[in-house]
Each structure stands twice: as structure tokens, then as C-alpha cells.
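The values are calculated or read from the model by the stated rules, or taken from the named source; none is laboratory data. As the structure is a computational prediction, the values presented were derived from the model and not from experiment. Ideal geometry is used to build each Cβ from the backbone, glycine not excepted, and the neighbour counts take in all protein chains shown. We work out accessible area using only protein heavy atoms, side chains counted, and drop any ligands, DNA or RNA first. Shrake-Rupley method; radii C 1.70, N 1.55, O 1.52, S 1.80 Å.
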Amino acid sequence: MRELDRADTASPLSEAGEVVPCVRVFSDTVWVARDHTTDELDEIEVPLVQLAFEYPHLRARVRTNDPQKRFYAASAKGLKAVPRDEAREHAARRVLESFGVVEIDALDSVGVPPDIDADYIVRADGDHHTHCAFTAQALPQLRELGWKVEFDDDFRFQVVQGDPRWYAEVRPNAIRDFATGEEKVDWFGLELGVEVNGAKISLMPALLELLDNGQDGESLHALTPGRSVALRIDDTHSVTLEGTRLRGLLRVLIELYEGNDDFTFPAIRAGALQGVDEALGLERPVEWKDPARVRERAELGAPEPVVEPASLKATLRPYQREGLAWLQHLRAHGRGGVLADDMGLGKTLQTIAHLTTEVASGRAEHPSLVIAPTSLMHNWKRELQKFAPHLRVHLHHGSQRKRSWPMAAEADVVLTSYPLLTRDLELLQPRHWHFVVLDEAQAIKNKRSQVHGAASQLESEHRLCLTGTPIENHLGELWSLFDFLQPDLLGSEERFRHWYRTPIEKFGDEERLLALRDQVSPFILRRLKLDVATELPPKTKLLRPVEISGKQRELYEAIRIAAHNKVRSTIRKKGLAAATVPVLDALMKMRQLCCDPRIVRMESARFVKTSAKYDAFFELLEQQLAGGHRVLVFSQFTRMLKLLSAGMAERDIGHFLLTGQTKDRQALCDRFENQEADVFLISLKAGGTGLNLVSADTVIHYDPWWNPQAQAQATDRAYRIGQKKPVFVYDLFIEGSVEERMLKLQERKRRLADAILAGEVPEDASLTEEDVEVLFAPLVG
């Protein structure tokens, strides 16, 4: 048994020189009721306390209800009566109980074996951390009050006193890839711990236990500021760490951890190690042993300023020059990245400046490959001819593409489309590329798609993704981009789902969200027009609710009730996943009816001749045209666009129509920009990207779509660099219908994307049964 050192500070109890409280602290197993609904008991180990009082010449253990008024102590003159000071004893008991200890006799829910001689129990409902907190905080305070404090050598909740020295060791640890059988040599192990009495003690087992126990999203949330957490270093001792510091440390480990027993991580993640010292916030820095200098190698630092090459026929804006510097910086460190600037800020121009710089420097020993949606092929060719006419460009497109393929070897830049990537992979895959650039890279967001698989097979020195929407629906899309760019950064899909996606999307785990943001932020560059394109005029979003009535309303309710019953039955029998098809089919019919009954392929819809939204649209359109505005109109339904086109022809309104069937998109856009007509009807899917229509200053979304980013991209056909007039964006929707509820779901998906870029905890982005009930709720209004 050991006694804590007496404090120099005197106390009211010790100054009297008559009664000194004494506690002996030890640990043992007791039985505790599991909960109030069962008689079952759990065995747990807890701190127990014996309380005694030191009087002159004797030490006495007495319970609160002991009736004796005096004690007898042996002296030279025989027994001497010592009066009992019940007031001081009572004061001491109040002090002890203020630290969360409870008299054993007062607890009905705790069973103490008869051979355990204790007076008090410390937090029977507590855990290892609260028990160690009693040792670390309560016992020193009692000592300072003049108490005598003793604890058994085998007391299991002892805490290392003071501020132990932390150390970290990074060592090479090659692992074998079970998929390929190859040994990965650029992997490392980490040991992190404290030095106690000259011995180094690893804390990794305790830290990893915290991580593994935090998968439900609750454990890490418990690490609140001011609350200490006890990390066990042996059978009897622990080191305590304040909750905020531990959360920061665990965030670093989350970035590194693969889920393996020996804690190995790839060098590409080693930049996270820079956060260890910052997280711990100690006066003495961590003692690092890093012979391979992994931390230094992983540190990207800040990009150096660059100037675009003289051969580029454009003067970059300041933020575009910063983008070029960032692209060059990643290339210098052998890393891939996502240029995720807001739509309309010139991602194409920045990329052309980047490829031009590579050619001018002589580094581009092989051609670079740019893959884009088919609709953007000619836009890329035109932009390259405009800004870098000296570059040799080969367009791998059209029926004669295989015959002209040998010319690709002599090109600086080869352009092709996503459909041709999968179709002609046998041509593209054997060639070694300098850069592979994916434009509108959300095309590979599905890991299991042919496009993702084909893109991942391409051999290149460097990789780059361009997209204004790195996350449209869920975090798995972000993983797909980095699986192409830097596969080791986020690890396997299973690891990502286990460590990030499920805790963040299902439990709102802020620490894992911040860890994910810290991990990917060096490789994502995103600027918003609001921040960098200050010369742009304002953009105003306006919601235009429309009320339906009569037969259109009756048909909506009939479709809704029938579909809701069918969906409920399917969910009840097979679950939500199996109900996806009927849910989407029913929602499609309800949305089409909101647009116009004439596009609903149902017999009953033939008898409804009126559409409230159709009438409201033409009222709004004629107001805009009368005010001298030029208008873009977007809809997901091409049949709706054709109805609107027919309505405009009846009203003698000049317009153009662009859908997926349009052959020469650019020619149609040029005619609109030349003001041959004031209205451009565009299908959301076909015209949401790659168009520059800044002569328009009004955008009307005839029907809302699930994905807010798709609508934002469509809006930015007009709201982009070059726009001189304020832009007004109208969202038409049927009040109280599925359309209005979709707009609310859009906000949730937008928050998921913003979470990675802004660090806010998103709500669940997936469709739940509660969402289904909301979407199929009766019309309101």
C-alpha cells in the first residue's frame, strides 16, 4: 500500500490538529443491476473507499449511524477517553461525497461480496474514464485538504501524475497486396505513446480501441471539452488526456488507419502526421523518430506563384493564375487532384494553361488525354484552338476514328468521350499518357460502372478531375473520384464506408467529417463565383408556387393514393430497397402531372385538358419578354419542352429547342447568342453542361429535379464569366405537391456536398421511409 505525498498547503481540517480524515482506495468486483427492467446483474470492477478518522493516539473507522460518543486510546497512564468530533466527521463525509462517492449501505442496486470491507463505492454507473478521473482529480484535492490518502499497489485506476513526455516513431512496414500479390513498399507503421519512468509505453492499443468502439458515432461525441479520457498503459495505470485534445488526435489516426492490427498506412496519407503536435497542444513537443522523413515527404506546402506561358493566347484572371499554380504544385509532388471551381469560372481554360505549361517546359514526353461528355468534344477542340493554337490536337471521335488513331502519337492533346473510352479501351489503355484529364468527372461517380473501370486502367504520369459537383448525392461519389486519382488516399471502398461514409451520413459524426475534409482538402480546389468573380452581377432566385385545382388536382390525388398504397405494401413485404422502382415510377407520374397532364401516359390523364403550371409559365414568360429579357427554360421532360415549343409557336414567340437529339448544339447556341430568338428551351440532361449562353438574363426551371447541383449547373449556362446583367432564376412548382417537397430534399443534398468543402455536419442524404411518407403526403393548400 502506498500513500500519496502530503501537500504543503494546510487545510481547515488539518489546522485543528484533532481529526484527520484518512481514505484507503482499492478496486474490486461488485454486482450492479443491468437496468430497471430486469433482475440481471453485471460484474464490474470499481474503485472502493475505506474511510477512517485519525484522532490523537488512534485511528477509528465508524459508520454514519454509529452511536458511540468517544473512543479509548492506550497511553502510559492506561486508557484515555478521546471525545468523538461528529461535526468534523460529517463535514469530511460531505466533502468525500461531493466527488461522486456513495455509501454502499445506501445502494440497493449494487451487490458487494461479503469479503470486501469498504464504506463507499465510486460511480457504480461509471466507466474506466470516470473512475480514473476520480483518481486524477478527487484524490489530489483531498490530499490538498490535509487528508491522508492511500491506495493499494494493485489498484486498477491509478493515473500517471504530471505531464508525461510523448513520443512517436514512424518506421517502414511493407505490406502485401492480396489482390495482386505484389509487395507495397511505400507503407509505414506508427507507434505513439508516452515515456513513464524512463520506459516508452505505446498508447496505440488504447487509441485504436477507442476508434473501433466509435463506429456507432457515439463514442467520439462523448469526448467533450474538459472531460478527461483515460488511456490504459498497463494493468494498473492509465494516462489521462483532455477530451478536445484526444478528439484532435483521433482525427489524425482516422485519416491514417486502415483497420489493421499493426497500424500501417500508405505514404500518401502521412501528411496527417503533421497534426499530432497540434492536436496534443503540449508545452513539450512530441519526440519524433522518423528516419525515412515521411512527414516531410508528405507535406505539400503552399503553391509557388506561376505565370502562364507566353504561348497561351489568354490573360488569366488572378484566381485562374492561382489555379494554374495549384495544378503545377500537385504535378510537382506527383499527386492528382480535383479542380472543383464553381461553374463558369473557367476550369477548361485553367486546364489548357496547365497542359500548355507542361508542353512548354518539355516535361510532356507523351500526349495528354482529355475525356469529356460527347456534347463537349467540339467545345474542347474550339477552346484549344482559341487559347493554345500551337498545340497539336487529335480528336478521337467519329466513324473514322480508328483509321486516324496513329496520328494520336504525334499529338500534344488527344480528345475523346466517355462512351468511346469504354468502346476503344484496347486502343487507349496500352498507350502511356502524360496527363489523363476527366472533364465533368462526376461521370465516374459509380464505382461499378464501365466508365470508372476503364478510366482506372489508363496508364499516365498524372491525373486530374474537373467537376463543379464532386459530390452530388452521397460521399461514395467522392471516393470514386479519388479511387481514380490516388487509390491509396482513401483506401478501399469498404474502408471508406466503414470509417467515413456510414459514421458521417448515418450518425452525423463530426470528427470523421472533419478528418475526411482534412484528408482530401489539399487535393480539391474549389472557388465560388461569389468569392472570386466579384465583377459578376447579382443572381436572384425566386420561387413561384402554382396552385392546381379541378380535374388536375383530382387526378393528382388519385395517382398519389394508389401509388402510396402500392409503395407501402412493397416496403412492408420486401423493404425500402426493393421498393425503389415503384417509388420512382409513382413519383415520375406525379411530377409529370404537376407539369402537364398531357405528358402523363395514362388513360385517365387524357380527359384532363388544363394545366395550371403551363398557364402560369406563359404568363411569366410573356412578362419577361415584354421587359426585354432573354430566357433559358429547363425541364427534365423533353415531351414537356415540345409542348412548350408548340405553345410558343401558337403565340408566335421565336425560340430554339435543344434536347439529346439535337445534332449541332454549338450552332444552335451561336444562333441564340446572335439574338435570332429570345427563348431557348433546353433539356436538363442534354444542356446542363458545356454551354455558354451569357446573353440570357432569365432562367426558368419548369420542374425541380432531385439533384440541386444539376439545376445549378443549368443556371450557370447564363450566370458565368461574361455575364453583364443581373440574372433572375425562377423555380416553378405546384404548391403542396411532391415538387415542393423535392425542393426541400434538394437542400439536404446540397448540405452533404458543402460538408466536405465547408466542414458542416450533413444530414442523411439517402431516401428514407420517412422521406417516402413525406413525398406521398396529400396535397396541401
Q328 neighbourhood, Cβ < 14 Å, K/R = +1, D/E = -1, net charge -1
Heavy-atom accessible area of the chain with neighbours in place, 1.4 angstrom probe: carbon+sulfur share in percent works out to 49 percent
Checked the range 332-407 against the a/c 1.5 cut and the a/b vs b/c comparison, axes a ≥ b ≥ c from its Cα gyration tensor; verdict oblate
Quarter of the surface of the C-alpha convex hull for the range 82-161, i.e. direction-averaged projected area in nm², equals 6.9 nm²
One would report the antiparallel percent of DSSP beta bridges in the chain, rounded to the nearest 5, as 50 percent
Per the C-alpha gyration tensor (a ≥ b ≥ c, the square roots of its eigenvalues), the range 510-586 is rounded if a/c is under 1.5, else prolate if a/b beats b/c, else oblate; here it's oblate
Which of (i) 34.4; (ii) 31.7; (iii) 30.1 gives Kirkwood radius over Cα pairs in Å as computed here? It is (ii)
Summing +1 per Lys or Arg and -1 per Asp or Glu among the other residues with Cβ less than 9 Å from G193's Cβ gives -2
Semi-axes of the range 647-709 from the Cα gyration tensor (sqrt of 5 times each eigenvalue, largest first, whole Å) come to 19, 15, 12
Links exceeding 27 Å between C-alpha atoms in this model, out of K313/K724; K529/K589; K447/K642; K386/K642; K609/K725; K539/K744, come to K529/K589; K447/K642; K386/K642; K609/K725
In the range 619-716 the DSSP beta bridges are antiparallel at a rate, in percent to nearest 5, of 0 percent
For the range 238-333 (alpha-carbon point model, no solvent) the Debye-based log₁₀ I(q)/I(0) at q = 0.18 Å⁻¹ works out to -0.93
Note to self, the chain gives a 222 nm [θ] from helices alone (DSSP H runs n ≥ 4, -39500 (n - 2.57) apiece, / all residues, nearest 500) of -10500 deg cm²/dmol
In Å², rounded to a whole number, the accessible area per residue of the chain with probe 1.4 Å is 45 Å²
With +1 on the Cβ of every Lys and Arg and -1 on the Cβ of every Asp and Glu, the dipole magnitude of the range 468-555 about its Cα centre, in debye rounded to the nearest 20, is 500 debye
The farthest towards the positive end of the charge dipole of the chain, of the residues I121, L391, P47, given +1 on Cβ of Lys and Arg and -1 on Cβ of Asp and Glu, is L391
Here the range 342-488 gives, from Cα atoms, an Rg and Dmax in Å of 14.5, 41
Per principal axis, largest first, the Cα atoms of the range 623-678 extend in Å by 31, 24, 18
Between the residues A302, T348, L324, the Cα farthest towards the positive end of the dipole of the range 246-405, that dipole coming from +1 and -1 charges on the beta-carbon of Lys, Arg, Asp and Glu, is from T348
